[in-house]
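The values are calculated or read from the model by the stated rules, or taken from the named source; none is laboratory data. What you see is a predicted model, and the numbers here were worked out from it, not measured in a lab. Cβ sites come from the backbone with ideal geometry, for glycine too, and all protein chains shown count toward neighbours. Areas reflect the complete protein model, heavy atoms only, side chains present, ligands, DNA and RNA absent. Shrake-Rupley method; radii C 1.70, N 1.55, O 1.52, S 1.80 Å.
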Amino acid sequence: MYYLFGLIGYPIKHSLSPWIHEQFMKQTNTRGEYTIFEIEQNADFKAEINNLRQKNIKGFNVTIPYKETIINELNDIDEQARNIGAVNTVLNLDGKLIGYNTDGLGYVKSLEKAYPSVKETDPNILLLGAGGAARGIYNGLKSSGYLNIDIANRTFEKAEKIKQTNLVGRTKILTLEEAESKLDQYDIIIQTTSVGMKPKTNEQIINLDKLKQTAIISDIVYQPIMTQFLKDGKKRGANIHKGHTMLLYQAELAFNIWTNQQIKMNDMDLKLQNKLEG
Ligand code: NAP
């Protein structure tokens, strides 16, 4: 069996997904290829997806700006993706396209790999940002049993919208200023905005003056891997969690959906870090 996998989005020429999935294929002796299908915004999206279906592609990932648009082209969608309202992984089951979202659960897996007993402490979590990634992470955490998650975002209404998904547990919405002043109430602080990303690597979404020393500081930005936010947290003695591990675990869950194969992560995290740091 020779598998075709791929990624749709725009622009995606520099994506690391082909490299990650090639590592997975090598490890599991899966014969196949993972290709980038860049779809420009003025393209006939329906025709492009039908083209992939006709190629007999086994599965593909979906990234910006198509994570919501793809839903109209699917035959079915799993519960996690429906709750999030976005799809990042599609399985082609005999011509039927089924949508999943592995972003949130991938994030949770990466966090628990780094801090195995974190859930047992019933942590108070602060999510900074309310974009697409935050929505996935909020759902992933709540559906994995993390009950106390507050959200702070520049645009208040977007955070309110995430809260309205009505998952169990408690959620308060804060301004970024309130988050800064109440930081000592949180055990895990997850930075999901694009602030601090290359080339503006000196920027940081909030100051960490009130950070608890025992807190976990997590940033999903992975270019650079050590963002200003993580550097600041580390300097203050907190534990850190790096963004490239989310990228890795969302891919691992996607590969499992397509092939039923389990990946041994071993030193994959370090390999990806080296790849990113050139
Ligand atoms: P998005 O939907 O566009 O959301 C962007 C978020 O950043 C919003 O909350 C936005 O606030 C906030 N923001 C942007 N500029 C800001 C500023 N100057 N001040 C305050 N807030 C600002 O993007 P996304 O898809 O969620 O992605 C966000 C980041 O996560 C990107 O850097 C992306 O590369 C990274 N990411 C990483 C992974 C991974 O696997 N590690 C996966 C997905 C995404 P408003 O709502 O007020 O606009």
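Output yes when any residue across region 25-40 is β-branched (Val, Ile, Thr) and open to solvent by 50 Å² or more (accessible area, probe 1.4 Å), and no when none is.
Looking for residues that are β-branched (Val, Ile, Thr) and open to solvent by 50 Å² or more (accessible area, probe 1.4 Å), one finds at least one in region 25-40, hence yes.
Could you tell me whether residue 120 is at pLDDT 95 or above and over 19 Å from the mean Cα position of the chain (by Cα)? Here the answer is yes, as residue 120 does meet what is asked. Consider residue 219 carefully, then state whether it is in contact with a His (Cβ under 8 Å, 6 or more places away or on another chain), touching a residue at least 12 places away in the same chain (Cβ under 8 Å) and not assigned by TED's automatic domain parsing to the domain that holds residue 129. No; evaluated as a whole, the condition is false for this residue. Listed by position, the helices (runs of 4 or more DSSP H) inside region 130-225 whose residues that are within 21 Å of the chain's Cα centre (by Cα) and of a type in the set (A, V, I, L, M, F, W, C) number at least 1 are 132-143, 156-163.
Matching residues to (1) within 16 Å of the ligand (Cβ to nearest atom); (2) assigned by TED's automatic domain parsing to the domain that holds residue 268:
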{"site": "19", "(1), (2)": "yes, yes"}
{"site": "62", "(1), (2)": "yes, yes"}
{"site": "65", "(1), (2)": "yes, yes"}
{"site": "70", "(1), (2)": "yes, yes"}
{"site": "74", "(1), (2)": "no, yes"}
{"site": "79", "(1), (2)": "no, yes"}
{"site": "82", "(1), (2)": "no, yes"}
{"site": "111", "(1), (2)": "yes, no"}
{"site": "115", "(1), (2)": "no, no"}
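Of all residues in region 41-58, those satisfying the criterion of being among the aliphatic types (A, V, I, L, M) and either more than 18 Å from residue 93 (Cβ to Cβ) or open to solvent by 60 Å² or more (accessible area, probe 1.4 Å) (or both) are 43, 47. Of the residues making up region 169-190, just one is touching a residue at least 60 places away in the same chain (Cβ under 8 Å) and open to solvent by 50 Å² or more (accessible area, probe 1.4 Å), namely 185. Could you list, in sequence order, all residues of region 228-252 that are touching a Phe, Trp or Tyr at 6+ places or on another chain (Cβ under 8 Å) and away from the ligand (no atom under 11 Å from the Cβ)? Of everything in region 228-252, those that are touching a Phe, Trp or Tyr at 6+ places or on another chain (Cβ under 8 Å) and away from the ligand (no atom under 11 Å from the Cβ) turn out to be 239, 252.
Would you check if there is a residue in region 78-88 being surrounded by 14 or more Cβ atoms within 10 Å (Cβ to Cβ), more than 21 Å from residue 161 (Cα to Cα) and modelled with pLDDT of 95 or more?
Of all residues in region 78-88, those surrounded by 14 or more Cβ atoms within 10 Å (Cβ to Cβ) come to 78, 80-88.
Narrowing the set further to residues that are more than 21 Å from residue 161 (Cα to Cα) leaves none.
No, region 78-88 contains no residue that is surrounded by 14 or more Cβ atoms within 10 Å (Cβ to Cβ), more than 21 Å from residue 161 (Cα to Cα) and modelled with pLDDT of 95 or more.
Yes/no per residue for (1) near the ligand (Cβ under 10 Å from one of its atoms); (2) in contact (Cβ under 8 Å) with a residue 12 or more places away in the chain:
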{"site": "167", "(1), (2)": "no, yes"}
{"site": "192", "(1), (2)": "yes, yes"}
{"site": "199", "(1), (2)": "no, no"}
{"site": "226", "(1), (2)": "no, yes"}
{"site": "255", "(1), (2)": "no, yes"}
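Scanning region 226-253 for residues that are touching a strand residue (DSSP E or B) at 6+ places or on another chain (Cβ under 6 Å) and not in a loop (DSSP other than H, G, I, E, B), we see that the one that is surrounded by the fewest Cβ atoms within 10 Å (Cβ to Cβ) is 234.
For residue 154, indicate whether it is within 9 Å of the ligand (Cβ to nearest atom), open to solvent by 70 Å² or more (accessible area, probe 1.4 Å) and either of a type in the set (Lys, Arg) or modelled with pLDDT of 95 or more (or both). Answer is yes for this residue.
Quick one: would you say residue 36 is closer than 22 Å to residue 103 by Cα and either free of Cβ contacts under 8 Å to residues at least 24 places away in the same chain or not in a strand (DSSP E or B) (or both)? Judged against the criteria, residue 36 is not a match.
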